[in-house]
1. In deg cm²/dmol, rounded to 500, what helix-only [θ] at 222 nm does chain A give when every DSSP H run of at least 4 residues adds -39500 (n - 2.57) and the total is split over its residues?
2. Which whole number gives the average, over all residues in A:218-230, of C-beta atoms from other chains lying within 10 Å of the residue C-beta?
3. When a footprinting reagent is the concern and you count Cβ atoms within 10 Å, what order do B:His147, B:His90 take, fewest first?
4. Sort B:Arg154, B:Arg227, B:Arg85 so the one with the fewest other Cβ atoms within 10 Å of its own Cβ comes first.
5. How well do other chains shield peptide A:189-197, expressed as the mean number of their Cβ atoms within 10 Å of each residue Cβ?
6. For peptide B:153-166, what's the mean number of Cβ atoms from other chains within 10 Å of each residue's Cβ?
7. Enter the angle in degrees (range 0 to 90, nearest 10) between the Cα long axis of helix A:32-48 and the first principal axis of the Cα atoms of chain A, meaning the one along which they spread out most.
8. Mind ranking A:90-98, B:331-339, A:197-205 by how tightly packed they are, going by the mean number of other C-beta atoms within 10 angstrom, highest first?
Amino acid sequence: MKDADRALVVAVTTRAVFDAAAGDVYGMGVAFPLLQSLQKVNERLLEKNPAESLLFDVVLIATDSQQQSSRIISSTSHYGLEVGRFCFSSREDLVETLVVNNVQLFLSTDRDEALQVSQKGVLSALLGRQEAPSESLRVMLCGDAIVRPDCDPVPASRGAAQSFSARLGEMRGRFGVSGSPLSIVLVTSSGGSKSCGVALQTLRSRGLSVDEAYCLAGAPRGPILSLLRPHFLLGDGVIDLED
Amino acid sequence: MVKMSLDPVQVKELNVSPSPNGDSRASWEEEEVEEEEEDRLGIATKTKPPKPENAVTVAVSSRVLFRTELEQRVFEQKGVEEYLRYQIEHENEPFAPGPAFPFVKALETVNARLRELYPQSEELFDIVLVTYNHAHVGIRLINTINHHNLFIERFCMTGGSSPIGYLKAWQTNLYLSADADKVREALAEGIAAATMFMTEKLTEVSESQLRVAFDGDAVLFSDESERIFKAHGLDKFFQHEQDNEDTLLDHGPLKGFLEALGKLQKKFYAKGQRLDCPIRTYLVTARSAASSGIRALKTLRAWGLEIDEALFLAGAPKGPMLEKIRPHIYFDDQMFHVEGAAEMGTVAAHVPYGVAQKHNQPQKPGARK
């Protein structure tokens, strides 16, 4: 198990990772590319520094009684996924499970689930759809909440969001400008170039350097999002990446 | 000797007097007055950028909107990390205006006039900065935009990946870049695009009227006639044009942009502002009015496109004529003409389209077409 203090603990539901299928091994779900990308980042970090402690620590959480624990574990090893911990919990105990496991980011495909979790103070995000494997882990940050924190739809998890982005920034800083296995993408939906500038400066002051920036100033988000194909989107409460 | 034959229908007298170019090219040493900036902010918050589908979207790259030669050299000589470090170090130093700057300022002038006449309308120019620069340069670019009082609220900094997808997502009507490869990519996707270059000499342009000049073949029209000229020579070209006088030319990559300009012009005409219209378009072609020019004019007419002035040079150099017109931008498919225009201080943009791209030799001056 990774160094508890330094690792970035990311929890994903098994429902998102695996598709229910007949047979001993589950099919690959929506979160599959994400896990592979997280793994890639860890590999590159360890390449640079075998003693690196700032790594992603993946926790798989099963709340779905339909999925069998044995098949979850065997599927995980079948695909060679590196999972730090398995937690077999229930829907009611989900938040507690996350807190007990020191989860810094919870990822789900279920909007209600993600919202419920973030309202309890655990940073949560919806997973994006990846049609093709990506070269890097693409994390999208929504700048609007950064610029106007009063308009943050989920103030409870704001603190968690800030500390996560600082750690993420530290991790990003381990790599150079090009060829990084981790890309940070900033999108501001409303507000003009000035507010995007404020977001860039705020993030920089938190230690997070952004790779790509898109200022939409009210233009529809859909076409841009489908080009950007983030693995997940942070900082906008919980929004639907399909919007 | 430049001989210009007059077509009784379309060609008008040139009565262009260049206006002094005061602040449309703000020197980056100028101090911004505090009050002006607040007022600017006030305006900015009141006017929202239009929806992409309603607007005429012009995407410009940072290298053509501003002067970044020094930074380019740092990039080429010392690599990307050093380049970004340099940019961040100089973050509070705005870039100087680049070749596309006067054009963008003129678009904003048109917008101001359109807003006066049609306060609710979203049929405006929308200027988007599309750069494959890294977001580390973002703060310097935004500072520069603010410094020059540009109304650019939308941008894409793609951090190195191709901006073409974003051009399509923004429904871009025109893309201007310093990178010929990106421009070719855009043209291949059906987006009007041209490469711009920095020139040392820049003549003053109007602050109150946007002037856009186009070459004919391989810009507004397809390159079919140029193909014949290059393959078979002048006589065959003339014959072909005569035989096909009543056949429309096929459209070229910039036709759509001329069309978009025409739609905005009509909005001024509808309010009785034809004489005072802040948009003026020019055709500057090597064709000759009495012969091969007729087909060009018939084609424009059939397309329902008005062009304010058509200048048939019959093969004479374009530089002097452009120097009189003083367009904010001139589109041509041949580098020979782009360079000739630039020598005389006209901002010319190269459209890398059609058969001319395979021929690198400059045309002999005086070749009649």
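A short reminder: the numbers here are calculations on the coordinates, not readings from a lab. The structure presented is a predicted model; accordingly, all values stated were derived computationally and were not measured. A quick note on method: Cβ atoms are made from the backbone with ideal geometry, for glycine too, and the neighbour counts reach across all protein chains shown.
1. Using -39500 (n - 2.57) per qualifying helix, the result is -10500 deg cm²/dmol.
2. Across the residues of A:218-230, the mean count of other-chain Cβ atoms within 10 Å is 4.
3. Ordered from fewest to most neighbouring Cβ atoms within 10 Å, B:His147, B:His90 come out as B:His90, B:His147.
4. B:Arg85, B:Arg227, B:Arg154
5. So the per-residue partner count for this stretch is 6.
6. 6
7. Computed tilt is about 80 degrees.
8. In descending order of packing, they fall as B:331-339, A:197-205, A:90-98.
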